[in-house]
Amino acid sequence: MDAKEIGALADTIVAGRLSKKPMDIIAATAGLSEADAYKVQFAVHDKLAAGGDPLAGWKVALTLPTQYEPLKLSGPVFAGLFKSGLRTSGAVFDPGYPIKPGVEPELVARMGKDAGPGTTYTADTIKDHVANLYCGMELVDNRYADVTKMSGPARISDDVLQAACVIGTEIKDWKKLDFPNLKGRSLLDGAEIGKGLGSAVMGGAMISLAWLANKLISHGKHLKAGDVILTGSVHPPAFLGGKGVARTEFEGLGGTEITIK
């Protein structure tokens, strides 16, 4: 794709997202490569920022082969988080948005200092760049006319269903956590709708965070102090059947709640 084509597709995606109505971008993204998908995603970020909604961080997604292989992707993916989507536990979402909400339990990292180029980050070395770690929730939105026809690159171009990052309980002494064996789950009005282990996140949240740091550098970007990072979900999106109180939690650590009206 040339710059004009990338900009035109980014305009289409931004307009669709701002409309808060189901999007049909299947034809517009047909044949999109994984490499071009990230170029479109970055153009979307720039256009949203120009409209007053700057990038606030990043998310790691599709961390398991069973998630990315059916979409013909080379591996896990990343996408942006935006200032408008940063919320704290107790947030209320009014009717109509998200269009078709789903929740995922994720650990949320707030970066304390840049993770710039010049080194390859590991699960151990990336810890020194993290200021705080929280129990969190990713709120995703199936905002498409038919998500089953959305290719992997198409999902990358539109930030992989990202709607909000909800920050919950801060975790003390988080460097001592047994990340692979953390137990997370999602509930709607007290009924469990999904669960999984921390090992689903590329083996553990610090592994996925280091992967993100290295991947961003390969794209000419890097993690910055203050960035908020969704490190990946312990289970696939649990889409909500209706309104109610949704909660994600990690056993023994805390949780995050939202209300969908």
query: Using beta carbons and a limit of 7 Å, which pairs, at least six apart or on different chains, have the first residue in segment 110-124 and over 28 Å from ARG87 (Cα atoms) and the second one outside any loop (DSSP other than H, G, I, E, B)?
result: PRO117/ILE217; THR120/ASN214; TYR121/ALA115; TYR121/ALA210; TYR121/ALA213; TYR121/ASN214; THR122/ALA210
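For segment 73-100, which positions are in a loop (DSSP other than H, G, I, E, B) and within 15 Å of VAL160 (Cβ to Cβ)?
Step one: filter segment 73-100 for residues in a loop (DSSP other than H, G, I, E, B), giving 73-76, 89-90, 94-100.
Within segment 73-100, LEU73, SER74, GLY75, PRO76, PRO98, LYS100 meet the criteria.
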- request: May I ask you to say which residue of VAL140, VAL103 is in contact (Cβ under 8 Å) with a residue 40 or more places away in the chain, of a type in the set (A, V, I, L, M), assigned to a strand (DSSP E or B) and farther than 21 Å from PRO54 by Cβ?
  value: VAL103
- request: Kindly state which strands (runs of 3 or more DSSP E) lie completely within segment 173-249 and contain at least 1 residues that are among the charged types (D, E, K, R) and in contact with a helix residue (DSSP H, G or I) (Cβ under 6 Å, 6 or more places away or on another chain).
  value: none
message: Taking the criterion of being in contact with a Pro (Cβ under 7 Å, 6 or more places away or on another chain), of a type in the set (Lys, Arg) and modelled with pLDDT of 95 or more, would at least one residue in segment 76-88 satisfy it?
response: yes
message: For segment 79-102, give me each residue that is within 15 Å of the chain's Cα centre (by Cα) and not basic (Lys, Arg).
response: ALA79, GLY80, LEU81, PHE82, SER84, GLY85, LEU86, PRO98, PRO101, GLY102
query: Among the residues of segment 1-52 satisfying the criterion of being among the β-branched types (Val, Ile, Thr) and assigned to a helix (DSSP H, G or I), which is surrounded by the most Cβ atoms within 10 Å (Cβ to Cβ)?
result: VAL40
task: Considering only residues that are of a type in the set (A, V, I, L, M) and closer than 15 Å to LEU161 by Cα, look in segment 41-70 and name the one that is farthest from the chain's Cα centre (by Cα).
output: VAL44
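Is segment 158-168 home to any residue that is modelled with pLDDT of 95 or more, under 28 Å from ILE26 (Cα atoms), within 12 Å of the chain's Cα centre (by Cα) and among the charged types (D, E, K, R)?
Applying the first criterion (modelled with pLDDT of 95 or more) to segment 158-168 yields 158-168.
In the following step, the residues that additionally are under 28 Å from ILE26 (Cα atoms) were identified as 158-165.
In the following step, the residues that additionally are within 12 Å of the chain's Cα centre (by Cα) were identified as 158-165.
Applying the additional criterion that residues be among the charged types (D, E, K, R) yields 158-159.
Yes; the residues of segment 158-168 include at least one that is modelled with pLDDT of 95 or more, under 28 Å from ILE26 (Cα atoms), within 12 Å of the chain's Cα centre (by Cα) and among the charged types (D, E, K, R).
How about segment 31-45: which of its residues are more than 14 Å from ALA8 (Cβ to Cβ) and at pLDDT 95 or above?
Within segment 31-45, the subset more than 14 Å from ALA8 (Cβ to Cβ) is 31, 33-35, 37-38, 41-42, 45.
Across segment 31-45, the qualifying residues are SER33, GLU34, ALA35, ALA37, TYR38, GLN41, PHE42, HIS45.
Would you be able to say whether some residue in segment 123-133 is out of contact with any Cys (no Cβ under 7 Å at 6 or more places or on another chain), part of a strand (DSSP E or B), charged (D, E, K, R) and under 15 Å from SER208 (Cα atoms)? Walk me through how you get there before you give the answer.
As a first pass, look at segment 123-133 and keep what is out of contact with any Cys (no Cβ under 7 Å at 6 or more places or on another chain): 123-133.
Right, trim to part of a strand (DSSP E or B) and you get 130-133.
Then drop every residue that is not charged (D, E, K, R), which leaves none.
Among the residues of segment 123-133, not one is out of contact with any Cys (no Cβ under 7 Å at 6 or more places or on another chain), part of a strand (DSSP E or B), charged (D, E, K, R) and under 15 Å from SER208 (Cα atoms), which makes the answer no.
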task: Have a look at LYS195, LYS243 and point out the one that is farther than 30 Å from LYS21 by Cβ and either buried (at least 24 other Cβ atoms within 10 Å of the Cβ) or not hydrophobic (A, V, I, L, M, F, W, C) (or both).
output: LYS195
query: Which condition breaks for GLU69 when tested against (1) surrounded by fewer than 17 Cβ atoms within 10 Å (Cβ to Cβ); (2) among the acidic types (Asp, Glu); (3) in contact with a helix residue (DSSP H, G or I) (Cβ under 6 Å, 6 or more places away or on another chain)?
result: (3)
statement: Flagged in segment 103-120 as surrounded by fewer than 24 Cβ atoms within 10 Å (Cβ to Cβ) and within 15 Å of LYS221 (Cβ to Cβ), in numbering order, are MET111, ASP114, GLY116, PRO117, GLY118
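Any residue at all in segment 143-152 that is without any contact (Cβ under 8 Å) to a residue 60 or more places away in the chain, among the basic types (Lys, Arg) and not in a strand (DSSP E or B)?
Initially, segment 143-152 is screened for residues without any contact (Cβ under 8 Å) to a residue 60 or more places away in the chain, giving 147-148.
Cutting the leftovers down to among the basic types (Lys, Arg) gives us none.
Scanning segment 143-152, I find no residue that is without any contact (Cβ under 8 Å) to a residue 60 or more places away in the chain, among the basic types (Lys, Arg) and not in a strand (DSSP E or B), so the answer is no.
The values are calculated or read from the model by the stated rules, or taken from the named source; none is laboratory data. From a predicted model like this one, the values you see are computed outputs, not experimental measurements. All Cβ positions, even for glycine, are placed from backbone atoms using ideal geometry, and neighbour counts span all protein chains on display.
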